[in-house]
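One structure below.
None of the figures in this text is laboratory data; all of them are computed from the coordinates on show. Only a predicted model underlies this, so the values are computations on that prediction, with no experimental measurement involved. Cβ placement follows ideal geometry from the backbone for every residue including glycine, while neighbour counts extend to all protein chains displayed.
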Amino acid sequence: MNINDAKKKIEKLKGEIRGHDRKYYVEADPEIPDSEYDKLMKELEGLEKAFPELVTPDSPTQRVGGEPLKEFKTVTHNIPMLSLDNCYSANELIAFDERAAKNLKEKPEYIVEPKIDGLAVCLFYEQGVLRQGSTRGDGVKGDDISSNIKTIKSVPLSIPFSGKLELRGEVFIPREEFLKMNREKEEQGEAEFANPRNAAAGSLKLLDAREVAKRPLDILLHTLGSVQQDIWKTHEQTLLELEKLGFKAVKPYKLCKNIMEVINYVNSWEHKRDTLPYEIDGMVVKVNSYEHQKILGSTNKSPRFAIAYKFKARQAMTKLKKITLQVGRTGIITPVAELEPVFLSGSTISRCTLHNEDEIKRKDIREGDTVVIEKGGEVIPKIVNSVASRRSGREKEFKMPGSCPVCGSQIVRLDEEVAWRCQNVACPAQVEGRIEHFTLRSAMNIEGFGPAVIRQLIENKMLKDYADLYTLEKAELEKLDRLGEKSAANLVNAVENSRRNTLSRLLFALGISDVGEHTAEILITKYENIDQLINAGVEELQGIKGVGPRVAESIVNFFKQKGNIAAITKLKKAGVNTDRTEEEKMLSAGEGRFKNMSFVFTGELETFTRDAAEFEVKKMSGSTSETVSRKTDYVVAGPGAGSKLKKAKELGVKVLTEKEFKELLK
Ligand code: IVH
């Protein structure tokens, strides 16, 4: 191929890839499968290798740079990146509106949009090419993080816009991705990030763009930067034009005709902020007309045409009274902070996990400390930091004891693990935890056995392991504290019904480390009964898709222990099902109810992760896809659904809500 042909071909490929990037990362509506996309990229890489002189900075191959940087260069912003004034009440919004109206001599219209809890960045395009990305820094000077910004796939490297364009926006990590990142960190025994914002900040600071590329960063643009205000007339127009240019502009937003509409809109989001896929800490109210914005101007700290309405704090400060220890069903000893109760977004918090010894050391948390607690995207609170300046000197550093706080036997910290474990499988705390787990609704679904009942049964020597549940008698149960005849009968009944459960439920209920519900369901596609699984070796298990080396090892270790085999023998004797059921057989053979059916998920799901929902479909032999076509049977749409939902309606594809989807699963 001569250089002219190569140039033409390269331009064509770049255009195509750019289009697909936009569809995938900006519009979340991919058109072609990943494999086809990879082919285009490979072809472009090949041509660029043969003709290196044709590589341009805006080529999709240039997203991830080469060698790590030694440090970031400092850049001075064209105009300072100001911050916003904050307010916390409707009255303050009304006062803001009155001030604006007085200066403008008329009432302005507003755009109200989310205040994304991420990192402010500035993007600079020249002649349609991304030239620079920088952090806010101190507002005047920031770091040149161009190589990191380029790795964010929703940032277009080139845009159909001549001249200069400076934009500001927020880099963040979506909540789901953040949870996934932390789960992986936990599995690898690494310290977790406190919240998505910290995770995003930590990622942008990395000097190696190849590492940054692995982080699930995303961006939403929200402000037109220097000098260009004349090209568009209103903030709303900017948001719309940015989308047309291929950016992700901040959303959802609303054009409000007056301040009462603003107040209603911000209030509505205070309650449903968690339905957005990213964290927001308030709403930003901006005067819509740029002419109005110019008249109002800025102080040297913040603009007078915009204000941030901050949601109620999700952080609070309280005293850590004591650190206690909890022994779980696998013997892991978890330190728990006993707090002076404090109210934080909807609930009173008096306890909170401290995860492990290292975490306590890293955060320098001591008994008696004042601590900052936070509710992030998850409902579970965590300690963000201790407040050293509030110490009296009487605080006590935490030290792990040498023995199990429940049974007194020796505890060990295994290599590569952050956790200490009680190694006594007969430790009452472990026994209790295992039995409780066995009865869970998602496991054997034996209702009525709360921790109090289980504890009593263990203390009265009526339960030594979960298999003993099947030999409990009504007359014995009636003798327990606070258990009448009726409750005793219900318990016996619930135990009785559980004998016919599926094999996957039983496998999950056994409490094998690392074997969750999903893994149990994967295992039954290969094994017809529990004995086959008991006899499986590590290698064979690892050969199953979805079973990693750690899981395989856990399974084999579990069945090596005599106590576990003895319990399983007891379960069998008690008539508990240990074979694949007819339904499970059908599912394993790909003959499930969703055979030949294809599903597309779009928008937010509230009670499932996307992975879990797709797994449910696959479990029933259905398939899932990213794109809606005539062949799609169902589109499951949640809040935030956009183009896919539209397409489904156009094509007449059946659309389900999450609730309807759940009905279908039953
Ligand atoms: S407008 C003049 N809009 O909040 C400042 N800022 O203190 C213009 N932020 O550092 C900012 N979401 O990065 C604006 N929708 C949004 C925002 C937003 C988050 C950040 C911004 C700034 C801080 C304001």
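Worth a mention:
- Ranked Ile524, Ile349, Ile565, Ile173, criterion: other C-beta atoms within 10 Å, fewest first: Ile565, Ile349, Ile524, Ile173
- Whole-number percent relative contact order across the chain, with pairs defined as alpha carbons under 8 Å at least 6 apart: 9
- Computed magnitude of the charge dipole of region 267-333 (debye, nearest 20; Cβ of K, R +1, Cβ of D, E -1): 400
- Peptides ranked, highest mean first, by Cβ atoms within 10 Å: ranges 355-362, 116-123: 116-123, 355-362
- Charge dipole magnitude, Cβ of K and R +1, D and E -1 - region 108-161, Cα centre, debye nearest 20: 200
- For region 1-65, the alpha carbon positions stretch 36, 23, 16 Å along the principal axes, listed from largest to smallest.
- Summary value for region 337-398: 29 percent relative contact order, contacts being C-alpha pairs under 8 angstrom separated by 6+ residues.
- When the charge dipole of the chain is built from unit charges on Cβ atoms (+1 for Lys and Arg, -1 for Asp and Glu) and taken about the Cα centre, the candidate among Leu224, Ile307, Leu206 whose Cα reaches farthest toward its positive end is Ile307.
- Residue order, fewest to most surrounding Cβ atoms within 10 angstrom, among Glu478, Glu67: Glu67, Glu478
- Taking 0.36 nm per residue of separation and subtracting the Cα-Cα distance, full extension of the segment from Gln561 to Val342 would add 74.4 nm.
- Theoretical FRET efficiency, 1/(1+(r/R0)^6), r = Cβ-Cβ of Ala489 and Lys662, R0 22 Å, to 0.05: 0.10
- Ranking Leu469, Ala552, Phe608 by how far each Cα lies toward the positive end of the dipole of the chain (charges on Cβ) leaves Phe608 at the top.
- Nearby lysines by direct alpha-carbon distance to Lys560 (threshold 22 angstrom, same-chain neighbours under 8 apart not counted): Lys464, Lys526, Lys570, Lys572, Lys573
- Rel. contact order, % - alpha carbon contacts under 8 angstrom, at least six apart, region 408-493: 19
- Between His271 and Thr607, the FRET efficiency estimated from the beta carbon spacing at R0 = 22 angstrom works out to 0.80.
- Cross-link table Lys14/Lys233; Lys585/Lys666; Lys214/Lys272, entries beyond 27 Å C-alpha to C-alpha: Lys14/Lys233; Lys214/Lys272
- Furthest towards positive pole of dipole, Ala429, Ala100, Leu119, structure part the chain, Cβ charges: Ala100
- Point-to-point label distance, Gln62-Ala574, nm (Cα→Cβ direction, 7 Å offset): 6.7
- For Lys361, the lysines whose Cα comes closer than 26 Å to its Cα, not counting residues fewer than 8 places off in the same chain, are Lys180, Lys185, Lys205, Lys319, Lys321, Lys322, Lys375, Lys382, Lys396, Lys399.
- Each principal axis of the Cα cloud of region 1-118 was evaluated for its coordinate range; sorted largest first, these ranges are 68, 38, 26 Å.
- Packing-based exposure ordering (other Cβ within 10 Å, fewest first) of Phe438, Phe599: Phe599, Phe438
- Pair Ala426, Lys205: separation of 7 Å Cα→Cβ label points (nm): 5.0
- Check: the chain dipole with +1 on Lys, Arg Cβ and -1 on Asp, Glu Cβ, in debye: 860
- Placing a pseudo-label 7 Å from each Cα along the Cα-to-Cβ vector at Ala90 and Asn2 gives an inter-label distance of 7.4 nm.
- Protection proxy ranking of 211-221, 314-324 - average other beta-carbon atoms within 10 Å, highest first: 211-221, 314-324
- Per-pair calculated FRET efficiency, R0 = 22 Å: Lys545 and Glu184 via Cβ, rounded to 0.05: 0.70
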